[in-house]
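> Dropping the structure in here first, questions after.
The values are calculated or read from the model by the stated rules, or taken from the named source; none is laboratory data. Note that the coordinates shown come from a computational prediction; the quantities given were computed from them, not determined experimentally. Using ideal geometry, Cβ is built from the backbone for each residue, glycine included, and neighbour counts are taken over all protein chains shown. Keep in mind that these areas ignore ligands, DNA and RNA; they rest on the heavy atoms of the full protein, side chains included. Shrake-Rupley method; radii C 1.70, N 1.55, O 1.52, S 1.80 Å.
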Amino acid sequence: MVHVRRGLAAPLSFLALLGAAYGSVAASPAIWAGALVSLMAAAWLTPGSSTPGPIGVLVLLFAGWIALTNAFLNPAYSAAAPYHAAFLAGGFFLGRRAGAEGAGQLYGVALLCVAVLAAWALWQKTRGVVRPSAMLETPATLAACLNLILVPGLALILAGKRNPWLLGGLIVVAAGLVVTLSRGGWLAFLAGLLVAGVLLRRARLGMRAADLRAAAAVALAAVLLAFAASLISGSGGSAAGSADAFSVLGPEAVRSSVARLEMYTLALQSLAPPLLLTGYGYLGFHYVLEAGRHAVASYEHGVSYFVHNDYLQVLLELGAPGLVGLVLIVAWPIVAASRSASRQGEPDVLPLAAAAAAGAMAVHALFDFPFYVPVCLLLYGAALGMIERPQAAVSFPAPTRNVVRFSAHAVLVGLAAWLLGAPLLADLAASQAHAQWKRGATEQAAYWFEVARRLERRDARHHWQAGQFWLVQALQNRHPEAARRADAAFADGFAANPRDVRNLLGRIETQRSLAGVLPAPVDAATLMAWSDRAMALAPSDPAVRHLRGTRPGAGDRR
């Protein structure tokens with residue numbers, strides 16, 4: 001029975017990883033929920049202990065802080081927050097339950113999934129893409145994902161643990177890392193190898209000449225494979241050299257570096273004493289950037305939700321407790337692995353390799369945003385679960401253990417059902433509303449838009465979508481009730497998130513376009529105040545710029 005369950009866990013883990021990868025570029029609660037269902041089913045089918053030790057407690061505290069501050073303490077609500085927290089915690093429990101017996105199989109499944117992404121990137125390279133990203137959003141995101149598998153794989157080789165499947169998979173993954181041309185990814189790779197070397201040396205494992213030759217052979221084969229992909233694309237030779245060097249070292253790279261420094265400065269300037277406890281809100285940097293875009297001249301027309309430094313972004317968005325939590329889940333696992341490596345006896349290699357992967361992502365977080373990417377969170381959580389040893393679990397007397405386990409499970413299930421269920425149901429209702437609207441069934445569309453915004457009142461997106469629907473209906477039929485509903489939806493959306501300018505702009509448009517239809521239109525002074533507020537929130541937004549040129553006067557109410 002154990003072998004059957006473990007066999008079922010492997011394909012479910014693969015589906016969870018692919019779903020998380022797809023959900024890393026398609027921000028959809030439905031996709032995230034599907035990946036999480038596969039992830040938790042795989043964890044349940046994996047025989048082993050799920051009782052967390054010190055690392056697990058830190059993971060749960062950090063994930064809980066993300067979800068609870070998002071739900072209660074910050075106006076910049078994001079449906080992504082509880083799901084990102086769930087990917088981190090779910091990945092941890094999968095790696096934790098795998099234990100020493102199932103860790104190898106779990107790594108093999110992850111290697112297969114990530115090798116598929118790397119092969120996809122190589123195929124994109126053959127099609128002439130200078131910096132491939134496979135199905136992920138950016139080459140840096142792909143590089144972070146690849147490092148979480150490549151670094152521990154090379155650590156296993158350096159420890160003398162190798163087979164043809166491992167070597168072949170790592171060659172493809174390493175070639176994928178090469179073609180991303182991600183400077184942050186390359187630096188993170190080197191940092192991960194350094195951590196691997198230190199841990200293996202402390203454990204007195206491997207690092208023989210044959211192991212070093214095998215690792216060097218993987219690196220050489222990967223470079224040749226990446227170069228072959230460039231040749232096939234027709235950009236080989238001097239063309240490949242000029243294009244790739246331009247991408248890594250040329251003006252575009254300089255502009256990217258300058259933009260990062262400007263965003264770092266803007267984030268630091270936005271920190272205020274009241275924010276140091278609860279933060280600005282998950283993914284709230286987007287609103288900081290919209291309001292202060294003048295300070296990021298090289299990002300004048302760009303859209304970003306990320307500071308490109310996860311430590312600084314977490315401090316801004318989750319406050320000092322969030323930063324402490326992130327630093328602890330980054331540093332403590334490496335320290336724990338180092339202590340384990342120095343103990344007497346034959347150490348287990350895979351936890352040390354997982355710690356090297358964690359070190360790579362910790363360094364990459366200085367330059368990009370891997371801790372905001374679902375697939376990276378899942379893989380990182382699984383690595384921490386592998387580092388957590390069974391003997392590290394918190395132990396209680398048998399009767400107390402049962403009570404604690406039951407209470408903890410009940411609390412976690414209840415919180416998960418609430419924090420993850422509401423965004424999912426609201427997203428499904430909104431999708432149904434759009435489908436009905438597209439079919440011309442306006443009454444059904446109206447019903448589902450209202451259901452969506454009532455299910456998730458803190459999500460300004462659903463209010464904005466309902467407001468757009470009612471605004472179109474009011475403009476078409478000039479019906480006072482439709483105009484009133486549009487105005488109310490936009491008002492609710494701006495109240496839910498007073499940093500999101502879209503609902504404020506929608507309300508301004510409703511008041512200006514339907515002044516003669518609304519039961520109680522606002523006066524010109526109120527419209528002027530709203531316009532000034534919109535300009536303060538997003539001065540570079542095209543709609544706000546248009547608004548600046550058509551500021552309402554007293555005559556506009558006639």
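> Where does the charge balance sit around residue 169 when Lys and Arg score +1, Asp and Glu -1, over other residues with C-beta under 14 Å from its C-beta?
Details: positive: 161, 162; negative: none.
Counting the neighbours of residue 169, the net charge comes to +2.
> Within 10 Å, count the other beta carbons around each residue, average over each peptide in 84-93, 153-162, and list them highest first.
Taking the mean over residues of other Cβ atoms within 10 Å, the ranking is 84-93, 153-162.
> Another question, then. Run the quick spin-label model on residue 476 and residue 190: label points 7 Å from Cα toward the beta carbon, then report their separation in nm to one decimal.
Reported label-point gap for residue 476 and residue 190 is 6.0 nm.
> I would also like to ask the following. Relative to the longest principal Cα axis of the chain, at what angle does helix 2-23 sit, 0 to 90 degrees, rounded to 10?
For helix 2-23, the angle is close to 40 degrees.
> A follow-up question, please. Positive end of the dipole of the chain, charges at C-beta (+1 Lys, Arg; -1 Asp, Glu), about the Cα centre: which of 265, 415, 89 has its Cα farthest in that direction?
About the Cα centre, the residue reaching furthest to the positive side is 89.
> So, with +1 on the Cβ of K and R and -1 on the Cβ of D and E, and no other charges, what is the size of the charge dipole of region 429-501 about its Cα centre, to the nearest 20 debye?
Here region 429-501 has a charge dipole of around 80 debye.
> Another one. Suppose every Lys and Arg Cβ carries +1 and every Asp and Glu Cβ carries -1, with no other charges. What dipole size does the chain come out with about its Cα centre, to the nearest 20 debye?
The dipole of the chain has a size of about 600 debye.
> Local charge sum around residue 503 (other residues, Cβ-Cβ under 10 Å, Lys/Arg +1, Asp/Glu -1)? Spell out each step's value before the answer.
Working: positive: 461, 502, 507; negative: 492, 500.
Result for the local shell: +1.
> Quick one: net charge of residue 372's neighbours, Cβ under 10 Å, K/R +1, D/E -1?
Numbers: positive: none; negative: 310, 317, 368.
Its environment carries a net charge of -3.
> Ranked from highest to lowest mean number of other Cβ atoms within 10 Å per residue, what is the order of the peptides 431-439, 174-182, 193-201, 517-525?
Details: 431-439: 15.8, 174-182: 27.6, 193-201: 20.2, 517-525: 13.9.
Ranked from most to least packed, the peptides come out as 174-182, 193-201, 431-439, 517-525.
> Find the centroid of the Cα atoms in region 32-65 and in region 325-378, then give the distance between the two in whole Å.
Comparing the Cα centres of region 32-65 and region 325-378, I get a distance of 17 Å.
> Nearest 500 deg cm²/dmol is fine: what mean residue ellipticity at 222 nm does the chain get from its DSSP H runs of n ≥ 4 alone, each adding -39,500 (n - 2.57), divided by its residue count? Mind dumping the intermediate values first?
Values: 22 runs with 414 residues, N = 558.
Calculated from helices alone, the mean residue ellipticity at 222 nm is -25500 deg cm²/dmol.
> Could you tell me the extents of region 1-102's C-alpha atoms along the three principal axes, largest first, rounded to whole Å?
Sorted largest first, the three principal extents are 48, 32, 16 Å.
> R0 = 25 Å: FRET efficiency of residue 101 with residue 44, Cβ-based, nearest 0.05? Walk me through the numbers before you get to the answer.
Working: r = 16 Å, r/R0 = 0.65.
E between residue 101 and residue 44, to the nearest 0.05, is 0.95.
> Can you give the convex hull volume per residue for the Cα atoms of region 445-558, as a whole number of Å³?
Working: hull volume 10.5 nm³, N = 114.
Dividing the Cα hull volume of region 445-558 by its residue count gives 92 Å³.
> Something else about it: Once the whole set of protein chains is in place, how much accessible area is left on residue 448, using a 1.4 Å probe, in Å² to the nearest 10?
Roughly 80 Å² of residue 448 is accessible to a 1.4 Å probe.
> Toward the positive end of the charge dipole of the chain, about the Cα centre and with charges on Cβ (Lys, Arg +1; Asp, Glu -1), which of 118, 192, 45 goes farthest?
Of the listed residues, the answer is 45.
> Would you work out which of 27, 483, 224 lies farthest towards the positive end of the dipole of the chain, given +1 charges on the beta-carbon of Lys and Arg and -1 on that of Asp and Glu, about the Cα centre?
224
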